[in-house]
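K.L.:
Below you will find the structure I want to go over with you.
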Amino acid sequence: MLAEAQTVLHTWCRQSEWAAPTITGGRGAHLFTDDGRSILDMSSLAECSNLGHQHPQVIEAIRAQAAKLCFVTSAWGAEPRARLAELLLEKSDLSGGRVFFTLGGADANEHAVKFARQAAARPAGWVITRDRSYHGASYAAMALSGDSRTAQQVDAAAYRVIHVPPPYAYRCPFKTRSAEDCGTAAAARIAATMDSQGAQQFAAVLMEPNAGTNGIVAPENFWPALRELTRTRGVYLIADEVMSGFGRCGEWFAWQRYGLENAPDMMSLAKGLTGAHAPLGAVVVAAPVARLLEEQALLTGLTYSGHPLSCAAGVAAIESYQREGLIERSRALGATLLRALQELQAQHTIIGDVRGGHGLFAVVELVRNRDTREPLAPWPQLHPGLRRLLKEALDAGVSFAARGNLILLAPPLVIAERELADALNLLGRLLGPLAQTLRTEESS
Ligand SMILES: Cc1ncc(COP(=O)(O)O)c(C=O)c1O
């Protein structure tokens, strides 16, 4: 058989540099390689395997559904599709709403925007999103994203998307001094952007409510402010919960942290929806939007919308989060994670900031100088020393994810406390040599 490195186009990398081991199985927070190693997964792969790898109930549900019915289009009903929609509306407290199923996060975001424009009767309505955000890699999703990797590939304005500065408190684009002020300033910029053109020109604001894959954790006042300013201006608010949903931020959906009064008009889901056991995304629309769409033709579709195998996986995933108390577990372990990272920060000046920890998602931001906050490397570059740290961790059996100067910690919600503690101890041991590399660099 030809090696995968020679035949497959792999994502987000130079093909000639792809040299990953083959994974043959997994259990809990561990992945197994074909050369017999067991690797502790500290990122849930792409922040998606929230239930851990090879969750037995999800596997059984897929098996049972496959034996019964693999596929019908959404021109026909399918039991697991109906059940999953019902569960999602229940868990999100958006009863009276409706669910549109997609294949992943990018197409969920695209459809959320379509629905917002249709329901608002503003087919060319502008959409506001953030710099330093990621919403997917299809063309419209790249336009929505404020991501350095994809920004040059698309003309966002042609998709009627406007980007605004993010509520990035550690490096606040508004030069504020507190996280709260940064949240206020970021929200005020969105209001001003709408007001300068007239709010009726806008269909939606689409943002991650709490934590994002680009490493920003919004200050606590940001989402409620966003809800208020969109509501008063009659513009829809779409929560991208693709990464932050299903316990990642300590709630079923991250916006729930801010209470039902701050519910979005729509939310996009994927990843944890099946714990990545099968590809599936969704747009959940709240009741008022559902009512507006009720009597209009929905001129969109995906062959695999609401695929029964994926929906069966989704139902079993939700039942497993619930039965195993994983949402609450993520909240409790997230606090443990944050405390442990703060202890590491007290020991290592190379850690400029730690944030997150509302659930099992936290960010460590590395700096050259804690006083000046000089980044380890210019964003979005990965410092060679950090690359080495990741390699050494992997050799020691732990897989960490990094973006630029950020180490993103997002282990499966089933990770054992001992495993989490061991991984963080390893990280602590590896940060010392990284700091030493920097000192050598600076003295030479
Ligand atoms: C917040 C967010 N939105 C959307 C996406 C895109 O999802 P997908 O890769 O399933 O298209 C991602 C993927 O990383 C994400 O993190």
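K.L.:
Per residue of the chain, what 222 nm ellipticity follows from adding -39500 (n - 2.57) for every DSSP H run with n ≥ 4, rounded to the nearest 500?
P.N.:
Estimated from H runs of four or more residues: -12500 deg cm²/dmol.
K.L.:
Checking the a/c ratio against 1.5 first, then a/b against b/c, what shape does the Cα gyration tensor give for the range 234-302?
P.N.:
Since a/c reaches 1.5 but b/c is at least a/b, the shape of the range 234-302 is classed as oblate.
K.L.:
If you don't mind, there's one more thing I want to ask. Around Ser133, which amide H atoms from residues at least 5 apart in sequence, or from another chain, sit under 5 Å from its own amide H, with H modelled in the peptide plane?
P.N.:
Gly146, Asp147
K.L.:
HN-Hα J couplings of the range 285-297 from phi, Karplus 6.51/-1.76/1.60, θ = phi - 60°, integer Hz, Gly and Pro as x?
P.N.:
10, 6, 3, x, 6, 4, 4, 5, 7, 3, 9, 10, 6
K.L.:
With unit charges on the beta carbons (Lys and Arg positive, Asp and Glu negative) and the dipole taken about the Cα centre of the range 116-246, which residue among Asn214, Ala179, Ile238 sits farthest to the positive side?
P.N.:
Projecting each Cα onto the dipole axis, the largest value belongs to Ile238.
K.L.:
Just the accessible area for Ile350, please: 1.4 Å probe, Å², rounded to the nearest 10?
P.N.:
It works out to around 10 Å².
K.L.:
I need the trypsin sites (Lys or Arg not before Pro) found in the range 204-277, filtered to DSSP loop residues with at most 13 other beta carbons within 10 Å of theirs.
P.N.:
Listed in order of number, the matching sites amount to none.
K.L.:
Mind checking the range 85-186 for chymotrypsin sites (Phe, Trp or Tyr not before Pro) that DSSP puts in a loop (not H, G, I, E or B) and that have at most 16 other Cβ atoms within 10 Å?
P.N.:
Taking the range 85-186 and a limit of 16 other Cβ atoms within 10 Å, the loop chymotrypsin sites (Phe, Trp or Tyr not before Pro) found are Phe174.
K.L.:
Could you tell me which of Thr437, Gly104, Tyr304 has its Cα farthest along the dipole of the chain towards the positive end, charges placed at Cβ (Lys, Arg +1; Asp, Glu -1), taken about the Cα centre?
P.N.:
Farthest towards the positive pole: Thr437.
K.L.:
What shape does the chain take by its C-alpha gyration tensor, where a ≥ b ≥ c are the square roots of the eigenvalues and a/c under 1.5 counts as rounded, a/b above b/c as prolate, and the rest as oblate?
P.N.:
Cα axes put the chain in the oblate bin.
K.L.:
How about the range 19-81: which chymotrypsin sites (Phe, Trp or Tyr not before Pro) there lie in a loop by DSSP and see at most 15 other Cβ atoms within 10 Å?
P.N.:
Phe71, Trp76
K.L.:
Sticking with this structure for a sec: Describe numerically, in nm with one decimal, the distance between label points set 7 Å from Cα along Cα→Cβ at Thr11 and at Gln200.
P.N.:
Computed distance between label sites Thr11 and Gln200 equals 4.1 nm.
K.L.:
Is the shape of the range 128-260 best called rounded, prolate or oblate, per the rule: a/c under 1.5 gives rounded, else a/b larger than b/c gives prolate, else oblate, with a ≥ b ≥ c the square roots of the Cα gyration tensor eigenvalues?
P.N.:
rounded
K.L.:
Taking a cut-off of 22 Å between Cα atoms, list the lysines near Lys91, but don't count ones fewer than 8 places away on the same chain.
P.N.:
The qualifying lysines are Lys271.
K.L.:
Send over a whole-number figure in Å² for the accessible area per residue of the chain, probe 1.4 Å.
P.N.:
Averaged over the residues of the chain, the accessible area is 43 Å².
K.L.:
For Thr300, tell me the accessible area in Å² from a 1.4 Å probe, rounded to the nearest 10.
P.N.:
40
K.L.:
As an exercise, use a Förster radius of 30 Å and the Cβ-Cβ distance of Glu392 and Tyr139 to find the FRET efficiency, rounded to the nearest 0.05.
P.N.:
The pair Glu392/Tyr139 has a calculated efficiency of 0.20.
K.L.:
Now for a different question. At 1.4 Å probe size, with no ligands or nucleic acids counted, give the accessible surface of Asp395 in Å², nearest ten.
P.N.:
Accessible surface of Asp395 is approximately 100 Å².
K.L.:
So what J values fall out for the range 40-52 if you push phi through Karplus, 6.51 cos²θ - 1.76 cosθ + 1.60 with θ = phi - 60°, rounded to Hz, Gly and Pro as x?
P.N.:
Each residue of the range 40-52 in turn: 7, 9, 8, 10, 6, 6, 8, 6, 10, 8, 4, 8, x Hz.
K.L.:
Note down the magnitude of the dipole of the chain about its Cα centre, charges +1 on Lys and Arg C-beta and -1 on Asp and Glu C-beta and zero elsewhere, to the nearest 20 debye.
P.N.:
Here the chain has a charge dipole of around 420 debye.
K.L.:
I'd like the Karplus ³J(HN,Hα) series for the range 401-413: coefficients 6.51, -1.76, 1.60, θ = phi - 60°, whole numbers in Hz, and an x wherever there's a Gly or Pro.
P.N.:
Whole-Hz 3J(HN,Hα) from phi for the range 401-413: 9, 9, 10, x, 8, 10, 9, 9, 9, 8, x, x, 5.
The values are calculated or read from the model by the stated rules, or taken from the named source; none is laboratory data. Since we're looking at a predicted model, the values are computed, not measured. Methodologically, a virtual Cβ is constructed for each residue, glycine included, from the backbone with ideal geometry; neighbour enumeration extends over all protein chains shown. Remember, those area values only see protein heavy atoms, side chains included, never the ligands or the DNA or RNA. Shrake-Rupley method; radii C 1.70, N 1.55, O 1.52, S 1.80 Å.
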